[in-house]
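Written below as structure tokens is the structure these notes are about.
The values are calculated or read from the model by the stated rules, or taken from the named source; none is laboratory data. This one's a predicted model, so the numbers in the text were calculated from it and none came from an experiment. FYI the Cβ positions are ideal-geometry reconstructions off the backbone, even for glycines, and counts take in every protein chain you see.
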Amino acid sequence: MKIDSVGILGAGVMGSAIAQVFSRAGFHVSLYDIDPGSLQRARAEIDHHLERQVSKAVLTDYERSAALSRLHLTENFTDFADCGFVVEAVTEDEAAKRRVLGEVVKHLPPETVVATNTSSLSITRLASATGRPDRFIGMHFMKPVSAMNLVEIIRGIATSTVTFEITRDLVHAIGKESAVSEDYPAFIVNRILLTMINEAVFALYEGVGSVTAIDTAMRLGANHPMGPLELADFIGLDRVLTMMQGLYEGLSDSKYRPCPLLVKYVEAGWTGRGSGRGFYDYSGAIPVPTR
């Protein structure tokens, strides 16, 4: 099955970044959002990123213009009628994803593959909202999408082999590598990564080390580019907590119990970089540890 046109649902940070990757790889992209302002911001952000790639000699100006020419902004699902592949990238909320998936499939050809970009939600449950579970699959793009080379591919219980092969080939066509995960909470990357972050918070909570000590130990001792507490602030502590709760509830294993300190920070509204304070205080020019 040859795919030339791809639809992206949601023009937020992830949706616009996924649209950019596909358009740059030569696909015609229809980027949908209910909010016209979000669409315009997404186009400006894509243009900005492509300009930066031109300035770094990663792209030519012609390639930038060509990528933008393949990008179509839309507020109508009817513009997805020619798409052979659709990626849903709305907010990480199951009810919201189910609503938009249930609506968009009414406007798609029966052979179109639908993927959801989710970091932890059940692919099998989401597939049930589409009425075509054999043509449904999970794709977990890493953030930031343009810089990270991995896409996790997650098959639901009813995902067909053809759907999987189409998705795997598309991942490679946009210059990414794939890792295949079974449909378990948080899949592979987040199951391992979040458990490490939660353990780092426990180490802080129990006084094993300070924020600085823990992050320095993991950067220099494990050669990680970013310490686990700094990474938690980057992801957002509220999001980390939500995914840890999903792991704890989905797997019924006490090793995934969210650290009480993580819960307290979220309750205080200290959710990381986005709020200006988490395990670091971001109010100054240089982040300062808060413990």
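Worth pointing out:
- Residue within the range 56-68 that is under 20 Å from Val151 (Cβ atoms) and at pLDDT 95 or above present: yes
- The residues of the range 151-173 that are aliphatic (A, V, I, L, M) and either touching a Gly at 6+ places or on another chain (Cβ under 6 Å) or within 16 Å of Asp134 (Cβ to Cβ) (or both), listed by number, are Ile153, Ile154, Ile157, Ala158, Val162, Ile166.
- Hey, Val208 modelled with pLDDT of 95 or more and over 22 Å from the mean Cα position of the chain (by Cα) or not: yes
- Test for Ala147: is it aliphatic (A, V, I, L, M), in the same structural domain as Thr167 (by TED's automatic domain parsing) and touching a Pro at 6+ places or on another chain (Cβ under 7 Å): no
- If you go through the range 77-93 and keep only what is touching a helix residue (DSSP H, G or I) at 6+ places or on another chain (Cβ under 9 Å) and surrounded by 15 or more Cβ atoms within 10 Å (Cβ to Cβ), you end up with Phe77, Asp79, Phe80, Gly84, Phe85, Val86, Val87, Glu88, Ala89, Val90, Glu92.
- Applying the criterion of being surrounded by fewer than 17 Cβ atoms within 10 Å (Cβ to Cβ) and without any contact (Cβ under 8 Å) to a residue 24 or more places away in the chain to the residues of the range 258-281, the residue that is farthest from Leu121 (Cα to Cα) is Asp281.
- Phe234 modelled with pLDDT under 95, under 17 Å from Asp215 (Cα atoms) and not small (Gly, Ala, Ser): yes
- Taken over the range 202-234, the residue count meeting the criterion of being without any contact (Cβ under 8 Å) to a residue 12 or more places away in the chain and under 17 Å from Pro258 (Cβ atoms) is 2.
- Total residues in the range 95-130 satisfying the condition of being more than 15 Å from the chain's Cα centre (by Cα), among the aliphatic types (A, V, I, L, M) and surrounded by 18 or more Cβ atoms within 10 Å (Cβ to Cβ): the figure is 10.
- Remark: pairs (first residue in the range 126-140, in contact (Cβ under 8 Å) with a residue 40 or more places away in the chain; second residue part of a loop (DSSP other than H, G, I, E, B) and aromatic (Phe, Trp, Tyr); Cβ separation under 9 Å; 6+ apart in sequence or on different chains) = Gly138/Phe187; His140/Phe187.
- Of the residues making up the range 65-91, those that are over 21 Å from Val113 (Cβ atoms) and part of a loop (DSSP other than H, G, I, E, B) are Glu75, Thr91.
- Of all residues in the range 274-291, none satisfies the criterion of being part of a strand (DSSP E or B) and modelled with pLDDT under 95.
- Taken over the range 48-62, the criterion of being surrounded by 15 or more Cβ atoms within 10 Å (Cβ to Cβ) and assigned to a helix (DSSP H, G or I) is satisfied by His49, Leu50, Gln53, Val54.
- Leu241 closer than 12 Å to Asn198 by Cβ, touching a residue at least 12 places away in the same chain (Cβ under 8 Å) and more than 23 Å from the chain's Cα centre (by Cα): no
- Residues of the range 63-76 that are under 28 Å from Val104 (Cβ atoms) and either surrounded by fewer than 15 Cβ atoms within 10 Å (Cβ to Cβ) or not polar (S, T, N, Q) (or both): Ala66, Ala67, Leu68, Ser69, Arg70, Leu71, His72, Leu73, Glu75, Asn76.
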